[in-house]
Each structure stands twice: as C-alpha cells, then as structure tokens.
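Single-structure report; data block below.
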Amino acid sequence: GCFVFKPSVKKRKLSQRTAHDSRNGNDDSEGTELRFFTCQSLWNQIKLETEKVQEDLNKQLLDNLVNFLSRSHSEFQEKTNEWTCRMKFREIPTAPLVLGVNVTDHEMTFRSLSDLLQNNITPYVALLEAKDCPGIKNLMQKLMGQLMNCYIDVDSMEDEDYVQVSQKRIRCSMSSLIKWYKNVTEKTDSETPSQKRTSSSTYWQSPPVVVVFKDMESFTTKVLQDFIVISSQHIHELPLVLIFGIATSPMIIHRLLPHSVSSLLCIELFQSLSCKEHLSTIIDKLLLSDQFPFKLGAKVLQVLINIFLYHDFSVQNFIKGFQLCIVEHFYSQPLSVLCCQQVDFKKRVNSLSHDQCESIRRLPSFRRYVEKQESEKQIALLTTDNFLKEETQKLLEDLHVYHDNYVSVLRCLHVFTSSLPKYPLGKQIRDLHCACLENPVWETEEYESSLQLARMLNKSDLVSMVQQCVEILLSSSGKEFDKTVEKLKEFLTQFQNLEEAFQERDVSLSSQKELQKKTDLYHLQKTLLELKESRRSKKLTKFEMLRFEVVDYIDSLVRKYLVPAEHRTLHEILYFNTASVLREHLNAAPRTALHTALNNPHWYLKNQALKCDGGSISNKAPDICIVYKLHLECGRLINLVDWLEAFSTVVMAAEEPNADTASSDQVDDIIHARFIRAVSELELLGFIKPSKQKTDHVARLTWGGC
Amino acid sequence: MPNLDHPAYPAAALLQLESLVPCRESQVSMLLSIFGERQHFSFPSIFIYGHTSSGKTYVMQTLLNTLQLPHVFVNCVEYFTSRLLLEEILIQLQSGSSATEQTSHVHCDTFNDFVRLFKQAVVSRELQDQTLYIVLDRAEQLREMEANILPAFLRLQELTDSNVTVVLLSEIVWELFRPNIGCFDPLTLYFPDYSIGHLQKILSRNHPPEYTADFYAAYINILLGVFYMVCRDLKELRHLAALNFSKYCEPVVRGEANERDTRKLWKNIEPHLKKAMQTVYLREISSSQWERLQQDDGEPGQLKGLSAHTHMELPYYSKFLLIAAYLASYNPVRTDKRFFLKHHGKIRKTNFMKKHEKTSNHLLGPKPFPLDRLLAILYSIVDNRVAPTANIFSQITSLVTLQLLSMVGQNDHLEGPRYKCTVSLDFIRAIAR
C-alpha cells in the first residue's frame, strides 16, 4: 500500500537521473552525472568484493560436497564384483544440505554449487523447486526437461532441433530417462577423443546425475516418496545423487519420509556456515576496510543489523540494504561527488563550482569547524573559494586517515573486550563498532566496567592480547602507529623481564609451582590461603603496575582515535546517516501507511486544503477518506443507510446550507454514486465485506471492530 | 516339505526353481496348479498380498523366468499414470517379439485402445495358444488412477478374449481395493511373513566365498538375535549383514580366534551390532560413513547423527512469533485475558480444573487460531514495542513455508487467515531458552 505513493528510490534515480533534480538545490547536470558514475563504479566494486567474500565462505562446504559426490560415484564403479557389494543394498547417495532459515540466501549457494558441479563433475544437474512439482508427473517433466537441455549445452548445436522435437513426444518416465542417459554417455564416450572441449573430458566415464531439491520442506511427502522409490529401482542403470536443501533441521527428512523410504538412502549431512558468521565476515570486509570511501553512520548500521537479527537473518538483504544506503547517499547529498578514492578527490575538489563551495559552507560540521578558527581564517574560509578548496582537501585527507586509524584501534580494543567475561561492550566487533560510532565510547558505563575487568586479566592472556594488537597495528596502513607499536613492544619486553625476574626470585614462584604440582586438596587450600595473605600484605606487584600501565595506554589510544565520526569535520560527505529514510524503505509498515493515507491524506498528497486538525472530517478530502473515517466510528456491523446518511451530511456541510436541498430528505444521486464507489473501493482494499448476518449491512474486517 | 511337481514342466526346471525360492515352496506349487499347463486358460486375475519383503515380487519373477512363461512385469509406482502404464505394457509386449526391430512409439490413451493394441500384439507374437501373464507390482497405486482401470484389468481375459492372466501384487488386503460397482473378484493368495527360521535359512545361503557356510550361519544367528525384534525386512537385514561382517571376521583375520570360537566372536560383535541398530539402521548416519568408521576403528560418538542437529537458529521476532503461536494453539481463548493482561481481575479458584485442562490440551493437539490473536499475544510477550511492519508479516509466511506453522482453511482471503502451530513442546523450550 505505502509503496503506491513512494516509488523506490532506485527506480526514480535510474529514470530521472539526468533530469532536473529539485532536491539538489543546484542544477548542474555535470555534477549529478559524475555522482551517478561514482555511485555506480563504487557499487560495482563493492559487489565484486562481496561476491568474492561469499565464494570464499562457501568454498569449504562446496569442496566437501564435491568430495562426497565423487566418492559416492567411484564406489559404484570400482567393486562391482566383491561379495559385500553384491550383498549390500544399493542406496541412493543423498546429501542433505542444512542452509539455515535465511531462505533468500540459498539461491546464491545453489547457483555456485551447480556451477561448480557442472565445471568439475557432471554436466547433468537438475534443480527442482517445490512449487513446480505438485505431483510426481510434474517433477519428472521438470527433471527431464532440465537434464536434456543441459545435454544440448554440452553437445554441438546441430542436434538441437532433433532433441527439441523429440522432447515433445517423449514419455515422462524413468525408462526414457535411462535410455537417454545411456545414449548420452555412449555418445560422449565415443566422441571424447575427437572432441576438443576440455570440459567434457574432465568428467568421468559415466558422470552422476545430480538432482537438487531446493526447498525440501515444501515438497509433499508423496512426491518425494514416489520419486525415491522409483529411482532406487533404477540406481544400477542411472547413477543418481540427491541433494536436499534444508532450511530448518535435518529431522525433517525423518518427518517427511517413512523408514521404508529413508532406508533406500545413504544420507550424509552437510552444514553451511551460520549466517551470523557470514554477516560478521561481510561487515569486516565491507565496512571495516579502507577500500571504499563510503561509510555507514551508527544509526544506519544499527537499522541494518537490527533487520538482520530481528527479522530475516538474510545476508543478501543486508547487502541490498547497504546498496540502498549508497544510492540514497549519492542521490540526496550533492557533495557526495567527493566521496571517491583518495586519488581522485583532489582533482574533484579543485573543480568544484561556487555553488558547491557554498553548500560545503552550509554543512553543520564545517560551520562548527569554522567557528573554532581564528577570525582571519574564518573570513578566508567563508569568502575565498580557493582557500576553502585547499582546506577541504586537507580535511578530507584527515577524514580518510582518521578512518584507517579508527579501524586499527577498534580491532585492538576488540581484542581486549571480546575476551572479557559477560562482554560488557558486546561480543562481536560490529557491536563495538556501533557503540564507538554513536558517541564517545569512553563516556559510557560499559566501557568503564570493561576497563575494570581488563585490569584483572591474567598475565598470559594480557601478553597474547598485546601481541595481537601489535600484529594488527603493524598490518594497518596508517603511518602514525610506529610509536604505538614501539610502546607496545616495550611493554612486551617488560613482561618478559618480569618473568625472568620472577624466575630468579623463587619465593613466590616456588609456591606457584607447588600450586600447579599438588593435587592434594588440603595442601592446595593451604597454599592458596598463603598466597592470598601474601598478596594482601604486598601493595602492588610489579606485574600489577605494568598491567595498569597497559590498560591506561589502551585507554589513551581509544580516547585519541575512537572519536565518533559525527564529531569530525566534513563527515557528511563520506558517512551516510539518515536512518529514517532507510527504515521507511526497508522496514515498511503497510498497515500504518494505509491508515495514515486514509486518515490524513495531507501526509501524502501535500495539498494545503487537506490540512485538517484533529478528529474533524473535512469534506474536501477524497471520498474514500471520508468513508473510511466514518467507518472507524462504527462497530463490527455497519448499516449502509446510516453510513450514506453520514456521508452526505459531511459532503454537504461545506456547501451553502441551501434551503431546498437541506429540507428534502432525498439524497442526491451523484452523492449516492460517489458513496457507493468509495465503499466498493474500501471493499477492494479489504476493510469491509458484505455480511450474511444482516441484509444491507457490511462487516468490518480490520482492527478488531469490537 | 512338498516337492514341486507338475507334469507340464520339465523336472530340471522345477528343481532349479525349488532351489531358488526357499521357504516359499507351498505358494509356488499353489501358483503352478492355478496356472496349469501352458495352453490352458488360467484364472483371469490373481491377487497376491503379503507384508513388505515377503517375497511376492521375487517369487513371481523367478517363477516366470525359470519356466520361461511369456509375461509382462510392470511396477505401478513407476508408471504413475494410466497412460504410461498401458503404454509400458504394450512396449514390453512388442519388444519381446523381436529384439532387432526398434519398438515404435505407441499411443494408448484409453483402455479401449489398449485392448485393441493388445490383441494385435498378441497375434504378432503368436501367443494365442499360451497363457500370457501380466504382473502389476504395487497394485495399490491402481486405485489412484481412473476408476475403470482396476475393474478392466480384472476382466482383461474377458475383454480381450485371449488367454491372459493378470497378477496383482500388493501389500494391502483385497477388501481395501474392491470398487463399489460390481467387479470381478480375483483369486486371492496370501504370502505369510518369513519366520525367524526362514530368515536364517535364506540369509545363510549367500555366504562369502572366503568363509565356510557354518561360520556365516553362526554370524547370521547372532545378527538375527539382535535385529529380529526391530526389523524383519529381508533386504534390510541382508544389507546390515553385509555391512557388519568384516567386523565379525576381525578376530579371525588377526588370528585371535578361530572360526569355531563362537563365544569370543559373539562378544566381539554384539556391542557393535547394538550400536549399528541405533545408528545405521535408523539412517542416523549413512552406511558409507559406518564403513569408514569401522575401518578407522573410531567411535561413532564423533559422528553426530541426523537427530543430533535439532537446534535451529531463528531471528529474534520469529522466535517470539513461534512461541506466541504455540501459546495460541494450546491455550484456550478464555485464558488469554488472565495470562496476558496486567489487570485481569480475580483469578477464580479453578486450579484443579486448570491442571486437568493442561494435560488434555497437549493430548488433543494444536488448535487453529486467527492472525489477530497471534499478534495480540506477540505484543504482550515481547518486552518492547513491536511495530506491525511488513517484515513481521513476511516472517509469519516464511514460518509457514518452513512448516513450523501451518495454515488452516485458506478459502477466504478477506477473512483473517487462521494458523496452527506444528512444533512440539521440546522445540519451543529449546527456542525459549
């Protein structure tokens, strides 16, 4: 409902991109075009990157599957004469693939799976969906159609006509499938030497036929059972392998198939990566990298993550949301021209027009910056375009550097917080990222408590964390970290020295060693008590001093580098932070939108005449709105006559109280017609329906209706 | 034990037949006496029923093949429409006539066509003076085809006016087949289950070449001791026997025991078989995984079975939706006010009643509930405010496609849809944690 009034941004953008753009304020078509191209190239880069990441993530699973397929097949061929093999029942190799409840992501996995299979193992892959297979007949039709088409792909084009003709009158039964399979394998066998195709020569002699059931849950029991029973009878002639795509849990196999059928299968389970880990990797590669100039603000990121965690678990939707952010940012922010790689933006800053400079000056973060400068510089910034451009360049560069440093320090901080008990700052780095982006993290209580906890870490953990931090900082591209790394290394050597010192001093050390050696409870308690006493008596050991120093140093790093992005000048150019737009588009509330549209038409129509106050019903509103408002006041059953009466009163109200119309009870024919049209529109929208309980009454269907 | 004896067939063939169908001699001799000699007209239709793997299909196949009687063998599950079934019968008939001639494609849409083409085929194969047998395996599928198929097959002899006998094989009794309108009652024949002695005898026949028959028979004895309680399926038992035999032989191969050392061997194999019963037999792990485990001598504990993966990750609101659906399905409507409203007034003293109700509700199964009630309960069990966004509604739909909820009565789309919760209490408990 709500989308009728708000066409999606993308569509609008693509169609009207070059046209005049009222929200820009200035109408230089070159700027918009440049923005459009920047946006597109950025998105293409990101798309490539995500595809690469997802491929890597699925690699393990797919490799296992391919292994399984090749193994199942080779066992068929090798030992046909052995006794065990003769005695054993030939089961159909089956791979249930547990993919998680994010059904929207499955499509991609299946696509890469079928690509991989077709490249490496077999050209005969059929993907079946439950909605195409209500009966066994449809399933066989679909299966044969897909298999025989792929046969065309492999073979030369000459046979195409022949196959297509024969396909029409081919009988959809297993025996014709087997006949086809024999034909095909024999043909490729005889042709392989002459064929130049490398792909067909990599297949085995008789490649397996893989049938993928994409959504196992939705298939009816009968179809599956019949198919499995039929194909198990012909497994000797047709090396079939089944793959079940499962969204819930593998128990569904036992629920769908009785034992007599499931005993025909040789089931080996495969599990894909959890979608949460998948998301973490995507966030890590997309948001916490310096590859892309475009960044998400805290609120926007929060919205996207919330949709993921609360609603759909779909990584695909998360990426779509990210894409929407990009499009919206480039569309609504004229200065997003500057949101490009560091190589380009100097040139772009120099070629800024006067209007664009003005809009830089209007940015709130820039104004704040100007106010802090000396008066001469203020004037220069506000009047001289060239000076402004230079300054902008510098600031943008600072912003990029800030982001790089931010990411490195964020990772360091995450090393510490992710090992604390109860995770006061969140377990995942995305939680930490959100917290740091939103406001100064060191002002929060959670940060305080996590520092407290960090001051109680034991030595081996602390040392390994510091080492991890050193590695992170060394691998980061920022140049500022040389000193930091040095400082951290110094800490490490101090720790080492401490250890050596400990070894020399054997008083406390021996007790510690004893502690490790002894298993006797009594002795253990005793030594523990002694240790406690000694600790209480000493003020602070050297180690504790050092630990405080390390934590304080980390704290200083955080305060220096983890400043929220919103505090930085010119952050509006790189950071997208209008969460409300995103929420409107991604988490739409159709009921609410419909109610708003009918109850308050001004909201969408933007007509001044429609602006009304409170509960009164304006007669200038569209008829359907009047009828809707009147119907809100009724109970479950609405009397049509009363409703018409009320409607005509409202409509007539504004017209001058003419003597004859007011006196006559007869309702105007036109008003009657308008009323009937509005009521049938409401019926179409599903608000009311004719009732059988009482004639000339309609029943309300929404919002309780008492 | 009755020896097979029939004047019409050569004694050698009968002897071979007898050796091939152990424990089914009486049924075979019964069938033979019904069939009579080659040129005799036999009973028009025979209905054979018996439990799974009681040898119906096998006996029929061996009988017809060994005695080289003309026959057509069709599985009704495989040819799932009447057209496919009839065409398949005709194709098999034709292909039997001359192997060199490529079978032309036959079109046969109605039974009338079938009778006509059938007559032609019989003439072309010169089978007029022999009984032709048409065996329909898994005949219960015939009931799902057109109404005329089953009665027509039963009277095929009469309709085609030729020497033909239709044999129906099924797992269910004839009473469940009988159509309403008067139809020809076939001769029914029952194949009883194999007894444990029969199983022992049949399974022991195929011993591996490396070992003696006695050794293998002892193994089968142990195997049956473990599995006979749960499984009498011959095929499955033979599969299990093949899977576990290598483990049984292990002590012999290693030289720790000789073939006569039954007790030692039993001690070795028995726990192993019990484990197999819990895993392979239930298809918790696949037989190839089981074999690999045997080779590696690993514990099956490392390999988790299918039912170990019951945990499911669900989005936050999906969890609450499912819990709300469960509550709506198993609680009566009148208790909603008491459970989910803050100011619900007095609780009447109906504790005894309530307890009684609760148990019975779980026994009765889920009840359907309208969408509005589901949402109302959702709003009251989630802590913070929930906006009725499109995402919430699409989650309900996706729960339906995942078969965690099911939709009830979807004829009227304007009326609020009604759902049922199909998951168990254990599942809800796991989610709610």
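The values are calculated or read from the model by the stated rules, or taken from the named source; none is laboratory data. Fair warning: this is a prediction, and the values are worked out from it, not measured in the lab. So basically every Cβ, Gly included, is an ideal-geometry build from the backbone, and we count neighbours across all protein chains shown. Calculation scope for accessible area: heavy atoms of the full protein, side chains included, ligands and nucleic acids excluded. Shrake-Rupley method; radii C 1.70, N 1.55, O 1.52, S 1.80 Å.
Go through segment B:369-398 residue by residue and tally those that are open to solvent by less than 50 Å² (accessible area, probe 1.4 Å), in a helix (DSSP H, G or I) and more than 9 Å from chain A (Cβ to nearest Cβ).
Total meeting the criteria: 8.
Restricting attention to segment A:387-421, report how many residues are open to solvent by 40 Å² or more (accessible area, probe 1.4 Å) and either more than 23 Å from residue A:278 (Cα to Cα) or of a type in the set (Val, Ile, Thr) (or both).
Residues in segment A:387-421 being open to solvent by 40 Å² or more (accessible area, probe 1.4 Å) and either more than 23 Å from residue A:278 (Cα to Cα) or of a type in the set (Val, Ile, Thr) (or both): 7 in total.
Pick from A:196, A:168, A:142, A:187: which is basic (Lys, Arg) and at pLDDT 85 or above?
A:142
Within segment B:21-41, which residues are over 15 Å from residue B:70 (Cα atoms) and not β-branched (Val, Ile, Thr)?
B:22, B:23, B:24, B:25, B:26, B:27, B:29, B:30, B:31, B:33
Among the residues in segment B:269-290, are any within 14 Å of chain A (Cβ to nearest Cβ), open to solvent by 50 Å² or more (accessible area, probe 1.4 Å), among the small types (Gly, Ala, Ser) and closer than 23 Å to residue B:224 by Cα?
No, because not a single residue in segment B:269-290 is within 14 Å of chain A (Cβ to nearest Cβ), open to solvent by 50 Å² or more (accessible area, probe 1.4 Å), among the small types (Gly, Ala, Ser) and closer than 23 Å to residue B:224 by Cα.
May I ask you to verify whether residue B:78 is of a type outside the set (Phe, Trp, Tyr), within 18 Å of residue A:230 (Cβ to Cβ) and assigned to a helix (DSSP H, G or I)?
no
List the helices (runs of 4 or more DSSP H) inside segment B:155-241, counting only whole elements, that have at least 1 residues being within 14 Å of chain A (Cβ to nearest Cβ) and within 28 Å of the chain's Cα centre (by Cα).
B:196-205, B:213-227
Kindly evaluate residue A:112 against the criterion of being surrounded by 14 or more Cβ atoms within 10 Å (Cβ to Cβ), over 30 Å from residue B:244 (Cα atoms), at pLDDT 80 or above and outside the structural domain of residue A:241 (by the TED database).
no
Select, from A:649, A:695, the only residue that is at pLDDT 80 or above, assigned to a loop (DSSP other than H, G, I, E, B) and either open to solvent by 50 Å² or more (accessible area, probe 1.4 Å) or away from every other protein chain (no Cβ under 14 Å) (or both).
That would be A:695, the only listed residue that is at pLDDT 80 or above, assigned to a loop (DSSP other than H, G, I, E, B) and either open to solvent by 50 Å² or more (accessible area, probe 1.4 Å) or away from every other protein chain (no Cβ under 14 Å) (or both).
Find the helices (runs of 4 or more DSSP H) located wholly in segment A:227-324 whose residues include 3 or more that are closer than 21 Å to residue A:438 by Cβ, away from chain B (no Cβ under 11 Å) and under 12 Å from the mean Cα position of the chain (by Cα), and list them.
A:275-286, A:298-306
Considering only residues that are hydrophobic (A, V, I, L, M, F, W, C) and open to solvent by less than 30 Å² (accessible area, probe 1.4 Å), look in segment A:37-55 and name the one that is farthest from the chain's Cα centre (by Cα).
Ranking the candidates gives A:39 first.
Give just the number: which of (1) in contact with a Phe, Trp or Tyr (Cβ under 6 Å, 6 or more places away or on another chain); (2) open to solvent by less than 10 Å² (accessible area, probe 1.4 Å); (3) basic (Lys, Arg) does residue B:56 not satisfy?
Unmet condition: (2).
Return yes or no: is residue A:437 under 29 Å from the mean Cα position of the chain (by Cα) and within 23 Å of residue A:564 (Cβ to Cβ)?
yes
For segment A:296-320, give me each residue that is under 20 Å from residue A:44 (Cα atoms) and surrounded by fewer than 22 Cβ atoms within 10 Å (Cβ to Cβ).
Within segment A:296-320, A:316, A:317, A:319, A:320 meet the criteria.
Among B:126, B:146, which is open to solvent by 10 Å² or more (accessible area, probe 1.4 Å), within 24 Å of the chain's Cα centre (by Cα), closer than 22 Å to residue B:106 by Cα and at pLDDT below 85?
Among B:126, B:146, only B:146 is open to solvent by 10 Å² or more (accessible area, probe 1.4 Å), within 24 Å of the chain's Cα centre (by Cα), closer than 22 Å to residue B:106 by Cα and at pLDDT below 85.
Can you confirm whether segment B:294-301 contains a residue that is at pLDDT below 75 and touching a Phe, Trp or Tyr at 6+ places or on another chain (Cβ under 9 Å)?
yes
Are any residues in segment B:399-411 facing chain A (nearest Cβ under 10 Å) and at positive phi, and if so, which ones?
Once the filter is applied, which keeps residues that are facing chain A (nearest Cβ under 10 Å) and at positive phi, segment B:399-411 yields only B:403.
Could you check residue B:311 against (1) in a helix (DSSP H, G or I); (2) within 12 Å of chain A (Cβ to nearest Cβ) and say which number it fails?
With respect to (1) in a helix (DSSP H, G or I); (2) within 12 Å of chain A (Cβ to nearest Cβ), residue B:311 is out only on (1).
Working only within segment B:242-268, note down all residues that are in contact with a Pro (Cβ under 7 Å, 6 or more places away or on another chain) and either in a loop (DSSP other than H, G, I, E, B) or surrounded by fewer than 17 Cβ atoms within 10 Å (Cβ to Cβ) (or both).
Result: B:257, B:264.
Here are the criteria: (1) open to solvent by 20 Å² or more (accessible area, probe 1.4 Å); (2) within 14 Å of chain A (Cβ to nearest Cβ); (3) more than 18 Å from residue A:266 (Cα to Cα); (4) part of a helix (DSSP H, G or I). Tell me which single one residue B:318 does not satisfy.
(1)
Looking at segment A:91-137, which of its residues are in a strand (DSSP E or B) and within 13 Å of chain B (Cβ to nearest Cβ)?
Selection gives A:92, A:93, A:94, A:95, A:96, A:97, A:98.
Six or more apart or on different chains, Cβ under 6 Å: which pairs go from a residue in segment A:283-310 that's over 15 Å from residue A:581 (Cα atoms) to one that's at pLDDT below 85 and crowded, with 18+ Cβ neighbours inside 10 Å? Could you list them?
Once the first residue is over 15 Å from residue A:581 (Cα atoms) and sits in segment A:283-310, its partners that are at pLDDT below 85 and crowded, with 18+ Cβ neighbours inside 10 Å give A:293/A:339; A:293/A:340; A:294/A:339.
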